[in-house]
Amino acid sequence: MITLLDALSIRPQEWRHGYDLMKATGLLSGTLYPLLMRMTDQGLLEAEWRKPLRPGRPARHAYRLTATGVELARAAAGAGKVSSWKVSLT
């Protein structure tokens, strides 16, 4: 979860797709997607369906940190568990 928090905390208000997060974290889909679902259930992430940018493409889930998720990322960064130290809501 720390690796995922690190990737999401770089730009906490930006919606990110699972494939993008897979590339950023190196996590495999079998690890990443259950983790995203669990973090969403825990209120650390928001998830929504995003319309495709190009016609004919499927809608995709996108994720971003909630205020609670940002607080957890800050706490982890303060404890030296996350390499990103810049986490903000703006």
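The values are calculated or read from the model by the stated rules, or taken from the named source; none is laboratory data. Just so we're clear, the structure is a prediction, and the values are computed from it rather than from any experiment. Every residue, glycine among them, receives a Cβ derived from its backbone with ideal geometry; neighbour counts consider all protein chains shown. Remember, those area values only see protein heavy atoms, side chains included, never the ligands or the DNA or RNA. Shrake-Rupley method; radii C 1.70, N 1.55, O 1.52, S 1.80 Å.
Within the stretch 21-33, the set of residues being assigned to a helix (DSSP H, G or I) and surrounded by 15 or more Cβ atoms within 10 Å (Cβ to Cβ) comprises Leu21, Met22, Ala24, Thr25, Leu32, Tyr33. Thr66 falls short on exactly one of the conditions (1) open to solvent by 60 Å² or more (accessible area, probe 1.4 Å); (2) modelled with pLDDT of 90 or more, and that condition is (1).
I'm told Pro12 meets every condition in (1) touching a Leu at 6+ places or on another chain (Cβ under 7 Å); (2) assigned to a helix (DSSP H, G or I) except one. Can you identify the failing condition by its number? Among (1) touching a Leu at 6+ places or on another chain (Cβ under 7 Å); (2) assigned to a helix (DSSP H, G or I), Pro12 violates only (2). Could you tell me whether Gly56 is modelled with pLDDT of 95 or more, open to solvent by 50 Å² or more (accessible area, probe 1.4 Å) and not in a strand (DSSP E or B)? So Gly56 does not fit the description; no.
Between Ala67, Ala59, the distinction of being touching a Leu at 6+ places or on another chain (Cβ under 8 Å) and free of Cβ contacts under 8 Å to residues at least 24 places away in the same chain belongs to Ala67 only.
With respect to the conditions (1) modelled with pLDDT under 90; (2) of a type in the set (Gly, Ala, Ser); (3) surrounded by 14 or more Cβ atoms within 10 Å (Cβ to Cβ), Gly78 lacks only one, and its number is (3).
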